[in-house]
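The structure appears right after this line, and notes come after that.
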Amino acid sequence: MKLKNKVAVVTGGNSGIGFGIAEALKNEGAIGAITGRNQATLDNAVNELGEGFIGIKGDVTNLDDLENVYKVTAGKFGKIDTLVVNAGGIVDGQPMMGISDVTEENYDLYMNLNLKSTYFSVKKALPYLNDGASIILIGSTAAHRAAPGMTIYAAAKAAIISLAKGLSLDLLSRRIRVNTLSPGSIDTTVFGKIVPEEHLAGLKQMWVNIIPVGRMGSPADMGKAAAFLASDDSEFIVGTELISDGGMTNISLMK
Ligand SMILES: NC(=O)c1ccc[n+]([C@@H]2O[C@H](COP(=O)([O-])OP(=O)(O)OC[C@H]3O[C@@H](n4cnc5c(N)ncnc54)[C@H](OP(=O)(O)O)[C@@H]3O)[C@@H](O)[C@H]2O)c1
């Protein structure tokens, strides 16, 4: 119980990696809030997490919604000890595309969801955070390894790795640590948003083929890493990136 009674907020905690992280924090004793835009998945996730967690509906690209999330959380539980800035990824109705197809609108939507919302998720939280809090930004190994169609998303995630450094410096006097957790290929519903059902198994196999440990990651894998970054076990880890990817970024399986 390394996070006993610590107050946590996980954005996008109603699905995938965010839910896996919320579960892991809860299992270490944390209480707090998960957020998302979909009320039905929020309700389901809160039911699964059980007592100690509430769901707060909100869009992370809307600064008033962000403010509301923190105000409600702090009003119910007290100031926040762990903030996981996880919401992001695919923009609804906007595929990731190569440069010949990207429009200015598509570019802005991806940057808003994946970079701007991350920065303001932290900024808006500041009055509601305890000194000594741990902030975990969710990056991606896409920042290190180009993949078709992912250029803008990857650039946003690369910028997040930089944010963790700059924000750690900005917040040094409050002993607030900001680190990036970069998942590799993690088995969530996100792949169903990229390809139709009939191509899903093939897409996942393609990832498994390049992951040295021979499997995709799970939301629970991300939860373990996030619980470590949230706890005092990582108190000397500041402004850095933890890659959890089964070896995919640093090890090539090419013969
Ligand atoms: N899966 C992977 O392989 C992988 C790899 C590297 C990094 N990541 C990153 O991990 C994070 C979670 O991804 P995932 O795979 O778990 O995907 P997911 O299952 O699609 O989850 C995305 C989450 O973000 C929330 N969200 C999306 N847009 C939002 C918005 N505008 N406002 C508020 N919440 C929003 C969604 O909830 P609502 O729809 O209810 O709003 C959902 O909870 C993302 O930042 C993604 O870039 C994923």
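Bear in mind these aren't lab numbers, they're just calculated from the coordinates by the rules spelled out. All of these numbers come straight from a predicted model, not from anything done at the bench. Because the Cβ atoms are built from the backbone with ideal geometry, glycine has one as well, and the counts that use them run over all protein chains shown.
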Starting from the Cα gyration tensor of the stretch 7-244, take the square roots of the eigenvalues, sort them a ≥ b ≥ c, and report rounded, prolate or oblate (rounded when a/c is under 1.5, otherwise prolate if a/b is larger than b/c, else oblate).
rounded
Entries of Lys79/Lys224; Lys6/Lys124; Lys26/Lys116; Lys157/Lys204 with Cα pairs more than 26 Å apart
Lys26/Lys116
What's the angle, to the nearest 10 degrees (0 to 90), between helix 39-49's Cα axis and the longest principal axis of the chain?
70 degrees
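Please list the three semi-axes, largest first and in whole Å, of the ellipsoid equivalent to the stretch 1-70, using sqrt of 5 times the eigenvalues of its alpha carbon gyration tensor.
On the way: eigenvalues 75, 34, 17 Å².
Calculated on Cα positions only, the semi-axes equal 19, 13, 9 Å.
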For Asp101, Asp170, what's the fewest-to-most ordering of other Cβ within 10 Å of each Cβ?
Asp101, Asp170
Check Phe53: other-chain or 5+ apart residues with amide H under 5 Å from its amide H, H built from backbone geometry?
Gly32
Check each of the GluC sites (Glu not before Pro) in the stretch 15-101 and keep only those in coil by DSSP with at most 16 other C-beta atoms within 10 angstrom; list them in order.
Glu51
Compute, for the stretch 35-109, the length of the dipole vector about the Cα centre, with Cβ point charges of +1 (Lys, Arg) and -1 (Asp, Glu) only. Units Debye, rounded to 20.
420 debye
The chain, helix-only ellipticity at 222 nm - DSSP H runs n ≥ 4, -39,500 (n - 2.57), divided by all residues, nearest 500
-12500 deg cm²/dmol
Relative contact order (%) - criterion: Cα under 8 Å, at least six apart; region: the chain
21 percent
